[in-house]
1. Does region 32-55 contain at least one residue that is in a helix (DSSP H, G or I), farther than 20 Å from P107 by Cα, of a type outside the set (D, E, K, R) and in contact (Cβ under 8 Å) with a residue 12 or more places away in the chain?
2. Identify the residue in region 1-31 that is under 10 Å from the mean Cα position of the chain (by Cα), in a helix (DSSP H, G or I) and not basic (K, R) and, among all such residues, is farthest from K65 (Cα to Cα).
3. What about P77, is it under 23 Å from K9 (Cα atoms) and at pLDDT below 95?
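The values are calculated or read from the model by the stated rules, or taken from the named source; none is laboratory data. Remember, predicted model here, so these are calculated numbers, not experimental data. Every residue, glycine among them, receives a Cβ derived from its backbone with ideal geometry; neighbour counts consider all protein chains shown.
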Amino acid sequence: MFVAAYWWKVHPGKEEQFRAAWRRGTELIRAKYGSLGSRLHREEGPAETARFIGIAEWPDRATWKAAYDAKMVYDEPATRAAFVDAIAEAGDAPLLLLKVTDDLTDPAAEDQ
């Protein structure tokens with residue numbers, strides 16, 4: 001498994017818009033490019049400086065790279081527009097690119 005992490009700062013008041021567009025975009029990327037899905041996190045701290053961090057899982061680096069090279073474009077312009085509109089600042093490249101060596105997370109724990 002391969003993991004890519006990204007970060008975004010969101011305009012105040014647009015957090016829910018961002019999260020909704022991120023969720024839908026992630027669904028579309030999973031369907032079109034073969035990702036295994038993603039988790040969205042938020043840094044602790046003052047809202048004006050806290051970043052959202054997305055950690056996406058991929059079956060392998062090659063699958064991620066093909067999607068990244070295609071700019072992960074999907075066929076819902078309104079979703080993309082809502083996502084971009086909410087973003088105040090974003091990284092130019094992935095924050096982290098990681099090969100998973102051991103995974104002890106419990107998928108069943110997410111249902112609790």
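1. Yes, region 32-55 has at least one match.
2. Here the answer is W22.
3. no
Rundown of residues vs (1) of a type outside the set (V, I, T); (2) surrounded by 12 or more Cβ atoms within 10 Å (Cβ to Cβ); (3) modelled with pLDDT under 95; (4) within 19 Å of M1 (Cβ to Cβ), yes/no style:
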| position | (1), (2), (3), (4) |
| --- | --- |
| E16 | yes, no, no, no |
| R24 | yes, yes, no, no |
| L28 | yes, yes, no, no |
| P46 | yes, no, yes, no |
| T49 | no, no, yes, no |
| A66 | yes, yes, no, yes |
| A88 | yes, yes, no, no |
